[in-house]
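What follows is a set of notes on a single structure, which appears directly below.
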Amino acid sequence: MFLLMALIIGPLELLAQAVAVSGTVKDGVNGEPLPGVTIVVKGTSSGTASGIDGSFSLQVPDANAVLIFSFIGYANQEVPVNGQTTLNITLQSDAKALEEVVVIGYGTIKKSDLTGSVATVDTEKITQVATVDVNQALQGKVAGVQVTPSSGAPGTASRVRIRGVGSFGTSDPLYVVDGFTTNNIDYLAPTDIESMEVLKDASATAVYGNRGANGVIIVTTKKGKAGAPVFNFNTYAGIQNPWNTLELANASQYATLFLEAYTNDGRNVQDPSVISPENYAALRNAIDNNLTGTDWQKAVINKNAPIQNYNFSVNGGTEKSRYGFSATYFDQQGTITNTGMKRFLLRLNNDYTFNKRFSAGYSLSYANSKFNNYSTDQYSGVLPVAIVAAPIIPVWDPITNNYGNSVPFSQGYNPVRLAEEQRTRTTQQNRLVGTLYGDVKFTDAFSFRSTFGGDRSFNKIGNYYPQFVVSPAEQRSQSSLYDERQNGWGWTWSNVFSYVKEFGDHSINAVVGTEAVSGFYDYVNVTGTNILNDPSQYYIGAAKSTQFSAGSNVGQNSLLSLLGRVNYSYKNRYMFTASFRADGTSRLTKTNRVGYFPSFSFGWNAHEEAFFQNQNVLTTLKLRAGYGEVGNQNNLSNTATSYVVTPQQRYSFNGVPVEGRANTVLVNRDLIWENSKMTNFGVDAGFLNNQINLTLDYFDKRTTDLIVGSPPAPAYVGALPPAINAGTMQNKGLEAALNYSKKEGDFTYDLGVNASFIRNKVLKLAEGQPVAGGDVNGIGATTRTQEGQPFASFYGRKTDGIFNNQAEIDAYNVDGELIQPNAQPGDVKFVDLNSDGQIDDLDRTILGSAIPDFSYGFNAFLGYKNFDFKLFFQGLAGNETVNALSIFNANPRGTYNSYADRMNRWTPQNPAANEPRMTLSDPNQNVAFSDRYVENGSYLRLRNVQLGYSLPAVTLSRFAVKGLRVYVSADNLLTLTKYRGYEPEVGDWYGNAFYQGVDVATYPQARTFIGGLNLTF
Amino acid sequence: MKFVKHIIPIVLLSVVGQGCQDFLEKEPLGVETDKTFYNDPVNAVLSVNAIYDAISWDAGGILNGGNNFEWMYGDILSDDAAKGSTPGDYLELRQMERWETLSNAPIPQATWNNMFAAIYRANQVIQYLPTSSISEDLKNRLLGEAYFLRGYSYHNLVIKFGGVPLFEEPVQNSAWGQVSRASIAETHAFIEADFKRAIDMLPERNGYATDDLGRATKGAARAFLARDYMFEIGTDNTNGKTWQEVYDLTNAIIASNQYRLDPNYARLFEPEGENGPESIFEIQFFDNNVGWGPAKAGTTNSVIQGNRSTWGWGFNNPTQNLVNEFEANDPRLPVTVYKDGDIVVGEKQAINGGENETGYLNRKAFVDPATRPSETQNSPKNIILFRYADVLLMQAEAAAHLGNAAEAVNLVNQVRQRARTSTKPKGSTAVGATDYQPYENTAGVLPDLSPSLAGQELFNAIYHERRVELGMESRRFYDLVRTGRYFDALLKKDPSGVSRTNAERHSIQGSENLIPVITIPLNESQSWGLAQNPGY
């Protein structure tokens, strides 16, 4: 690596006969010192940057050198040294350069000319939370962008939704990293990112055509700038603990409930044919001695799990050749035993300006991650099992010298054994992403850029399953190893002509180009059996048995597009943008292959009008309106329109296995991509010299031809139904972002609030048929997608407390016929919604939805002298969550462990209870899916609080250091929620959108305390 | 500007022109994607293998198929067996047993799904194979297998659900929600036609190569057709099927000389007895270490009925009522059930309180410890669906109905004779033993029936023989239903009368008897307009 570094930094010249020059740089208007001004000795690559007080000092080769001062928003200034040793410079703001530039699809535009809904997040905000996941870093920062960690397990990706759930399948946005389109940016470290622009409305994303429907996130990475090398070293380290654990019954309480379920059903618990004498003795013992037993949650928690991150970067170069290099190492243990991730990232870029006409450059990223595979399964996931395991069972049974056998009681496996096995289940990912561009300027206005990006990935999943015996029901009689190798190759090649020119009052910014995208993946997996439990033997070749099974899969797809956009602005007041894209995809049949995606938008900079000039309250006022059509092809499988014969339909004859093949999925050749039409109205306003900025957006997005991957189909068809275009869904909402920033003496304030209100509604489904989803073992489907309701609403029975006595049961009748004839006092009272005198599936109704009414974030930055203080809250309101593990923890049978508050259950002695009674046979079906499972999922979370101190430049300059900031930071310090599960931030279980908000013991987020430092030299 | 002159055409060429369409043609790789698939003889065989696969699914079929086993109907719904295992486990099975099944219950849904998957696969073969270029001999046999498996699937459906939608070709998308259930009689007629085509097209058992052992045969098609006739005759005989037809079919099986009784009853359910001389049709299993899904070639059937304290989950417990049915010292009893303290294939069995309902477990599902799979749900033990002893007893019943009592007695005696000369169960005498020990004193065991037996007594003797000979082989429920004895038997099993009342509520009145039927899956009735069965 040092060699590599030497190559990049090679062009540095040694300084001879140096002359020391120092001074300060100040703002030409208010005279305040300007920190961070780049100062370069003309014609060389050596230079420096001004410190926090605007001061600088550097060595120049000789007394006649010329210094170039440059700073964003200010005009460059060339200053001949002329033998002076002290230079006091004032930089004049450059009206033209002051214009912030925003990156949009296939180009950039002046912010004032922007007509679409685009939000920018800068590097400062991206690096605030202790994570290596860039998406998580976006959480709560942008109105209309909802980020949900799918789990607190290290290595699991976050779910990003821009302006709501736009699809029944994947609603992930498209990412564009320096012009390269991708679905996954896990190869970038937050510190590598200069800025992220979130393109929210269709007028902004239509230029991405059939990939633009769920929003586009444009990522600009940090690049080398001309000047002396700037070294950055950032590090933090700390500890994490789960922010929450559940209050569960202890051994004595467990045994009480367990036995009560039998006795309530009239079973004699002392009859050895009912409960075996040993089991009875164990239960009795727990009650008689009031035992606490095993705290299974504690047993699987990795207390004070360490987290650490190191990032080193260097940037610099000359006007002709610039370089950037960064390396990041991130190591996080999870808060559950044997979960964790290590990630190593490298990034290298070079940009060359050959002459006035030609420039080129490349960037290369390598990412290597290794993490433990955490199972979220109801029956084999560590946390789901830990909260149902019987506390009367020890973690380790000294008598059998084996794991405690939980099966006779909770029918679940030993959670600690499961946690132990996670050690040998890992995923390793290697990814190499490179982009290369060449740029030709034909004239000052007219240029051409060709960008090629390639993405190569090699992954390995290795799951070793050791042989063990805890009991006949919890054992693995033969060890096995599952080894999967994945290989991916994708590339994007875009060729774009740009024309940017101003003619007097007219200004034109136009692009036209083509893009080709190709994707390919394949994988092979092999399972071998009977392999020694020793990491050195976790290879297929070590299998001692002759029994192997293998599988493979391969897929390819391509996209070919023609695109264009023109932005016209008159007098900086009236702007008009139109864009167009034609996309052809390999995933559809020839006749349906090509789609056209237009957009139009208008902007009016009202503050430029004459009548606006005579006041100073409202500094900026811009009105925007736009309309666009975009598509989503993420949910089209590579084989969606082909008749595919599926292998591995196996049977055997004469004691020998035989292969079988059948078409298992029907074909729908009429399939097309999902189409969205979105209208957007926006206002940008700046008050009091733009100290206060307000952005408001209203949007209405209608998505038609929604792809239902497994649409409702009669089972008598005998094969899986094909994906169909079956639905129409609407997301409409209001987004607001308000910022206030001010500098006053030693104080700096920067406060930001953002909020969004989204109404999601399914307008149409094929033949009006609702789609059931969110299947949880034991209670069946929990969600239903039906016309007129939010997508994947919760659907079940309504309850009305419990029957506190027989009189209430008797009173609940229709003409003397009991509505719940099987009920006993202490059972749940279900509402007979259809008034047919009985309780059944027809009494189900909508019970809420995981889609929040309102999501918000609040950021505060307070600076005082060298101290900085950051605060970041984030929350959701008006959403419901299904606490699915209540089938176990609030179950009437007592076989699984229960919430501690189940001790308040109905008993003859406690008839006023609101918790149902214990019963083994549950004749009233108390366990059926009802509103008892649906809880308020709203929360407010103090996502991050941080205090930093930057050492004074004066002190630092003695050590040749340009900046040093030390800080302490805490994530998830405070969470306000009424939700009873582990974690109110619940994603899509199994990554399936129909499971949104269905919580099966979601891995809780960590409460993290870190200390860190940022060093620049 | 020379450069521009070149680059513009290059870029534009990459968009338009010939390259464009080629670039967007991305064929699925690694899978065959055309219906010409069936033109290759190997593929044709594979496509038929996939139908067998579908009828073998007991956990993880392609259409959301969870656990479903024939004993959940044939044994559990009858007086032969109780749910078993721990009280709280698998309440859906308890609901089945008590006829309290909900319309969204998983077990009937899984059976329904798997059978219709088999029907779809058979229909693919039946649609595409006739025009295939493979040899006529192979084509005939494969089509025969497809017709057999379609007939088998429909038979399996009609005896559980009543009449169902009938499909002679893969269901078109446009037909969704547009089809309705055929009557019970129409369904039987469809099954009859399939089995008759299968009888014509399939070879006898000895017409197959050894490697094909386990494929459907002419004998199997005749046997299942006879079984279907018998159910039809006893439940809804709108089609006017006769015992003579049953007799002719069973007689043809006997006359084919393809089958004989295995000399030792104790051997039938051991690895060495699989596909033996008595075997007419078995679902074939092989331990391929896969626990779930279509790729699984083994079965969950063994572990789910196994002993919780040794290897298993403890379901399907034989009742005392079944045990009492056996005559004194019937060697078939210890092959049918085992209890606490018994030694089974050399392994001493403990049956713990709280993990069993009746004190007995199904010996016929016991898997030899030597062949227990490492992936518990992948047992190699076959499930016998039809064996020659059944054919003999069917022939006896037909003969009795046709007034030929002497022949009937003779046939039953063949079965009894084999039973009384059978050995003790495998490895039952000592821990570690794996041999078959003969009984020391067999005097007076299972005497021959009297040649003068006739009338109801003869029928009772045949019914008794069926119950003990085929105990825990999932025949009992259907035998009770088709002979009009089900509801009384159910009342004996559950004296509270709740199960019986429930079952009556879920019954269709056939021309001959009341036919209790399980629920049509909720979605099929609610969303796709199939008429629901009574009371669901």
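Please treat every number below as a calculation from the coordinates, not as lab data. Please read all numbers here as calculations on a predicted model, not as lab measurements. A quick note on method: Cβ atoms are made from the backbone with ideal geometry, for glycine too, and the neighbour counts reach across all protein chains shown.
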Dipole of region B:345-441, positive end: most advanced residue of B:398, B:427, B:438 [Cβ charges, Cα centre]: B:438
Convex hull (Cα only) mean projected area of region A:583-634, reported in nm² to one decimal: 5.5 nm²
Quarter of Cα convex hull surface for region A:446-595, i.e. mean projection, nm²: 16.4 nm²
Under the span-like rule (Cα at least 15 Å along the axis, Kyte-Doolittle mean at least -1.0), DSSP H helices of chain A: A:251-264, A:277-288
Pairwise Cα inverse-distance average, inverted: Kirkwood Rh of region A:278-388 (Å): 19.0 Å
Cα-centred dipole magnitude for region A:117-272, charges only on beta-carbon of K, R (+1) and D, E (-1), debye, nearest 20: 540 debye
Debye-sum result for region A:211-348 in log10 I(q)/I(0), which assumes one identical scatterer on each alpha carbon, at q = 0.13, 0.17, 0.21 Å⁻¹: -0.81, -1.01, -1.14
In Å, descending, principal axis extents of the Cα set of region A:660-748: 79, 28, 19
Kirkwood Rh in Å, taken over all unlike Cα pairs in region A:250-315: 15.1 Å
Inverse of mean 1/r across different Cα pairs in chain B, Kirkwood, Å: 24.7 Å
Kirkwood hydrodynamic radius over Cα pairs of region A:138-284, then Stokes diffusion coefficient at 20 °C and 1.002 mPa s, in µm²/s: 103 µm²/s
Relative contact order (percent, whole number), chain A, Cα cutoff 8 Å, 6+ residue spacing: 11 percent
Length-normalised contact order for region B:197-344 - Cα pairs under 8 Å, 6+ apart - percent: 14 percent
Dipole of region A:673-759 [Lys/Arg +1, Asp/Glu -1 at C-beta], most positive-end residue of A:740, A:716, A:753: A:716
Percent of alpha-carbon pairs separated by more than 27 Å within region B:46-182: 29 percent
Dipole magnitude of region B:219-326, debye to nearest 20 (Cβ charges: Lys/Arg +1, Asp/Glu -1, about Cα centre): 200 debye
All Cα pairs of region B:427-493, percent lying beyond 16 Å: 66 percent
Kirkwood-based Rg to Rh ratio, region A:612-653, C-alpha trace: 1.63
Principal axis dimensions, largest first and in whole angstrom, of region A:335-481 by Cα: 84, 27, 19
Candidate lysines - alpha carbon under 24 Å from residue B:364, same-chain residues fewer than 8 apart omitted: B:83, B:160, B:296, B:339, B:348, B:381, B:424, B:426, B:493
Chain B - percent relative contact order, Cα under 8 Å, separation 6 or more: 19 percent
Cβ-placed point charges (K, R +1; D, E -1), dipole of region A:550-695 about Cα centre in debye, nearest 20: 300 debye
Region A:713-806 pair-distance distribution - Cα-Cα, 10 Å bins, rounded %: 12, 24, 23, 16, 13, 9, 3, 1
Rotationally averaged projected area of region A:371-435 (alpha carbon convex hull; nm²): 5.6 nm²
Calculated SAXS-style log₁₀ I(q)/I(0) at q = 0.18, 0.23 Å⁻¹ - region A:440-509, Debye, Cα scatterers: -0.84, -1.00
Compactness index (Cα Rg / 2.2 N^0.38 Å), region A:889-973: 2.30
Nearest-ten-degree value, helix B:2-15 long axis tilted from longest Cα axis of chain B: 30 degrees
Taking only Cα atoms of region A:656-700, radius of gyration then Dmax in Å: 26.8, 83
P(r), alpha carbons of region B:462-511 - 5 Å bins starting at zero, rounded %: 4, 19, 26, 25, 16, 10, 0
Degrees, to the nearest 10: B:106-128 long Cα axis against longest axis of chain B: 60 degrees
Nearest-0.05 FRET efficiency for residue B:348 and residue B:440, computed from C-beta distance (R0 35 Å): 0.95
Per-q log10 I(q)/I(0), the protein assembly as shown, q = 0.04, 0.05 Å⁻¹ (Debye; single scatterer per alpha-carbon; no solvent): -0.32, -0.49
Calculated P(r) of region B:198-292 - Cα pairs past 19 Å, %: 52 percent
Cross-link pairs A:223/A:743; A:26/A:320; A:223/A:320; A:732/A:978 - those with Cα-Cα distance over 19 Å: A:223/A:743; A:26/A:320; A:732/A:978
Positive-end residue, the protein assembly as shown charge dipole about Cα centroid, Cβ charges, pick of B:519, B:311, A:559: A:559
Rg/Rh (Cα only; Kirkwood hydrodynamic radius) as it applies to region B:407-536: 1.13
Solution diffusion estimate, µm²/s, Stokes-Einstein, region A:935-988, Kirkwood Rh from C-alpha pairs, 20 °C, viscosity 1.002 mPa s: 150 µm²/s
Summed side-chain charge close to residue A:461 - residues other than residue A:461 whose Cβ falls under 12 Å, Lys, Arg +1, Asp, Glu -1: +2
Two-site FRET efficiency, residue B:131 against residue B:501, from Cβ-Cβ distance with R₀ of 45 Å, rounded to 0.05: 0.25
Stokes-Einstein diffusion coefficient of region B:205-357, Kirkwood radius over Cα pairs, 25 °C, 0.890 mPa s, in µm²/s: 130 µm²/s
Set of aspartates and glutamates near residue A:677 by C-alpha distance (under 15 Å), chain-local residues within fewer than 8 positions excluded: A:201, A:629, A:700, A:705
Helix B:243-255 vs. chain B, principal-axis angle (Cα, 0 to 90°, nearest 10): 80 degrees
Descending Cα extents along the principal axes, region B:394-453, whole Å: 50, 22, 9
